[in-house]
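Novice: A single structure is presented below for examination.
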Amino acid sequence: MDTLNKSASPAPGADIAGDAFLPTESALSMVPCRLDQGTLTKRRPARIETALALRRLFVFVGTALLTAAGGYEMYDVLKVGGVTVLEGILLAFFLLLLAWIAFSFMSAVAGCCVLLTRRQSGLPIDSNGPLPDISSRTAMLLPTYNEDPHHLMARLRAMYESVAETGRGACFDWFLLSDTTDPDTWICEELTFIELRRACGAERLYYRHRSDNTARKSGNIAEWVRRFGAAYDSMIVLDADSLMAGDTIVRLVHAMESNPAAALIQTQPVIVNAHSLFSRLQQFAGRVYGPIIAAGNAWWHGPESNYWGHNAIIRVRAFAQEAGLPELRGRKPFGGHILSHDFVEAALMRRAGWAIYMAPTLGGSFEEVPPSILDFAARDRRWCQGNLQHLAVLPARGLHWVSRLHLMTGIGSYLTAPIWLMFLVLGLLISLQAHFVRPEYFPKGFSLFPTWPAQDPVLAAWVFAATMGLLIVPKLLAYLVLISRRRERVLFGGSIRVLAGILAETVLAAIIAPSMMIFQSGAVAEILFGRDAGWQVQRRSDGEVARGEIYRKLTAPTLFGLVLGLSAYAVSVPLLLWMSPVVIGLVLALPMGLLTSSRLKTAGLFATPEDECPPPVLVRANELAASARIEMTGALQQLRQDTGLLNYHLVSLSHVSRPKSGHVDVPLATARAKIEGCTSFEEAVAWLDGQESRAVLNNPVILRRILQMPNSLQSAQSSEENGLS
């Protein structure tokens, strides 16, 4: 009996043409660039250069003055009795950390001034006026890798409907670009995508699964550009957790049409859908402090802004001509394909003279964050490897100095953690040395008076207080900006509740920071020793962390905190008090991990405007995500039951490039051998592992063979009949 002609339910793809997975190809050349060749091209009037130079002078001179002042005071603390080698290294680490803090402080001050004066920073885009008309064609690209298909389609449908409501839907094509490797998730993607097309009645929704995951997300986007890019003027690149309002998308396209020198416009995504305490902290902090940081950066970045990899519009031809990424020399983790591709792509397009803008005040751009400290650290590990790869990109010829600064900032965001750790350890070693090693009161040579080693504790306290001030004042400036805007103040729940939230967030963030220091320092050490991060599936905001995983991964920071605390106590109680913020954070790593990964009611303490008055596109996406999802019985079982889905899957395979002749597909060969030895469909499915199932799904011949195998009941009946005969 041919089981392929049976279907338990109407085929979901029966009313859609089999070739609707992809449009007609429109090839566009995109080749890897050369990092050792290139010349910076400038396309800006002199008056803009002068204004930007003054803004940058303000930021960098302010940073230098703050660093010099703090460094001088720290030198005063250490110089009593002469600066030893350890103290000299400690001072160098202090200067690096202080410069990092001062740089962020100056950008925040600039952002506060910009927002208080109601000026537009970055590329000016009218977000309140009538919706503009657009004429160019734009592709909406949503790359995915082993994500929940139901939630993915919910976000995609909400954005599609939001754009359609603007009346400009005909200008957009939507592409779901799958790099999914899990076979069950892959087939579920196809099934939910077919349902999405039927629900939307859409002819401009397309799906492509890539069997070869070369270069990960950047390779996924580059492959689309080479196959379809010539048909589009712009592309808006999303992440699997991205969400954008229809009017925001239309205004971005209009801004790109109105600025022919622009290659990229980056929005400021706002965090939404936070449920755990950790993600709510991230959501609140991003919503309160994010605007002044983004406004400040856009103010002095100008047309040399940066790209964050998602929720941005890109001019397709500029991207294809200039942003082809080379494969770095050497072995992983420093060599190979560039993981943090966004910074490099922006730098390469700017090198060719294209402008890279930020639009921090546009609104209507959203994303999600990991639900726990451990998930955040896992994502951070991947980003750490990608950013440290930029050490090989820094010497590239022709890059704008601001682009190089972006690369250095990305590198520094991870190197500061081990520098902070070494600063703490060095300070402790110096204190232990002073406590247990007998000092020399009379130096060599003639001296009438002894040299009394003493340090000024009051001056040291002032240095500490000033450093903390550089960290806390930007939060107060953000609060000042927020309460100056009545609508936002009301949506946040009033001035008092926002201030309480800032105080609580500051305390909790201070407790979490030492654990993140340990995780980031460990990540840097692993990378330096050659360990590759791989490509892990990210747990989204509704995921839960097992307690065993929390105990296993947070035990090391806890033990380190105990050692640090006992060592400080061995010197003196004042030293223990001095180091108490770090010691407390580490000792409380386990309870904080358990607390912040859970869903706690905070009585609106960390509420944001998107909680109180969610935008329509977010409401729609959450409604769709909460609806009943399609029940899956396994990839091969689902294809066997559903002929419409099977036909769709087979048609999609005709669009996939095949391996070169002579290439041996080991999982496919193993799967073929296993299938040959099986007597029923159920037996064959049980024998195949994930890689083998994926290989079968990629091969139409083997796939048909296994689907046409009899089920176990038919096989048993056949055996019985053969025995009787």
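Bear in mind that the values in this text are calculations on the coordinates, not laboratory data. Only a predicted model underlies this, so the values are computations on that prediction, with no experimental measurement involved. Cβ coordinates were reconstructed from backbone atoms using ideal geometry, including for glycine residues, and neighbour counts include every protein chain displayed.
Novice: Would you mind calculating the gained length between Ser258 and Arg397 on full extension (0.36 nm times residue separation, minus the Cα-Cα distance), in nm to one decimal?
Specialist: Extra length available between Ser258 and Arg397 comes to 47.0 nm.
Novice: Between 0 and 90 degrees, rounded to the nearest ten: what's the tilt of helix 246-258 against the longest Cα principal axis of the chain?
Specialist: Helix 246-258 and the main axis of the chain meet at about 80 degrees.
Novice: Rounded if a/c is under 1.5, else prolate if a/b beats b/c, else oblate: with a ≥ b ≥ c from the C-alpha gyration tensor eigenvalues square-rooted, which is segment 182-224?
Specialist: Since a/c reaches 1.5 but b/c is at least a/b, the shape of segment 182-224 is classed as oblate.
Novice: While we're here: With +1 on each Lys and Arg Cβ and -1 on each Asp and Glu Cβ, how big is the dipole of the chain about its Cα centre, in debye rounded to the nearest 20?
Specialist: 2100
Novice: Here's another thing I want to ask about it. Given only helices, namely DSSP H runs of n ≥ 4 each adding -39500 (n - 2.57), what is the per-residue ellipticity at 222 nm of the chain, to the nearest 500 deg cm²/dmol?
Specialist: -19000 deg cm²/dmol
Novice: Another question about this same structure. Rank by packing, highest mean first: peptides 337-343, 507-513, 249-255, with packing defined as the count of other Cβ atoms within 10 Å averaged across residues.
Specialist: 249-255, 337-343, 507-513
Novice: Work through the residues other than Trp174 whose Cβ is under 13 Å from its Cβ and net out their charges, Lys, Arg +1 and Asp, Glu -1.
Specialist: +3
Novice: Shifting gears a bit: Placing +1 on the Cβ of each Lys and Arg and -1 on the Cβ of each Asp and Glu in the chain, which of Ile265, Pro143, Leu98 has its Cα farthest towards the positive end of the resulting dipole?
Specialist: Leu98
Novice: Can you tell me how segment 133-239 classifies by the Cα gyration tensor, rounded, prolate or oblate, using a/c under 1.5 as the rounded cut?
Specialist: oblate
Novice: List the trypsin sites (Lys or Arg not before Pro) in segment 266-360 that DSSP assigns to loop (not H, G, I, E or B) and whose Cβ has at most 12 other Cβ atoms within 10 Å. Which are they?
Specialist: Passing sites in segment 266-360 are Arg329, Arg331.
Novice: So which GluC sites (Glu not before Pro) in segment 314-394 pass both tests, a DSSP loop state and at most 16 other Cβ atoms within 10 Å of the Cβ?
Specialist: Loop-located and lightly packed - Glu327.
Novice: Filter the chymotrypsin sites (Phe, Trp or Tyr not before Pro) in segment 242-323 down to the DSSP loop ones having no more than 14 other Cβ atoms within 10 Å, then list what survives.
Specialist: Nothing satisfies the criteria.
Novice: Between Ala626 and Glu327, what's the calculated FRET efficiency when r is the beta-carbon distance and R0 is 30 Å? Round to 0.05.
Specialist: After rounding, the FRET efficiency stands at 0.10.
Novice: Then there's this: Please determine, in degrees from 0 to 90 and to the nearest 10, the orientation of helix 666-676 with respect to the longest principal axis defined by the Cα atoms of the chain, where the helix direction is its Cα long axis.
Specialist: Compared with the principal axis, the helix lies near 40 degrees.
Novice: Evaluate E = 1/(1 + (r/R0)^6) for Ala51 and Leu480, where r is the Cβ-Cβ distance and R0 equals 30 Å; express this FRET efficiency to the nearest 0.05.
Specialist: 0.75
Novice: So, in nm, how far is label Arg487 from label Ser598 when the simple model puts each one 7 Å beyond its Cα toward the Cβ?
Specialist: It is 3.9 nm.
Novice: Right, another one. Order 138-145, 262-269 from most to least packed using the mean count of other Cβ atoms within 10 Å.
Specialist: Ranking, from highest mean packing down: 262-269, 138-145.
Novice: Here is a follow-up. What distance in nm lies between label points placed 7 Å from Cα along the C-beta direction at Ile89 and Ala509?
Specialist: 3.1
Novice: If one takes the longest principal axis of the Cα atoms in the chain, at what angle in degrees, from 0 to 90 and to the nearest 10, does the Cα axis of helix 46-78 lie?
Specialist: Compared with the principal axis, the helix lies near 50 degrees.
Novice: Checking the a/c ratio against 1.5 first, then a/b against b/c, what shape does the Cα gyration tensor give for segment 168-292?
Specialist: oblate
Novice: Let me ask something else. Going toward the positive end of the dipole of the chain, with +1 on Lys and Arg Cβ and -1 on Asp and Glu Cβ, which of Val316, Leu653, Leu575 do you reach last?
Specialist: So the residue we want is Leu575.
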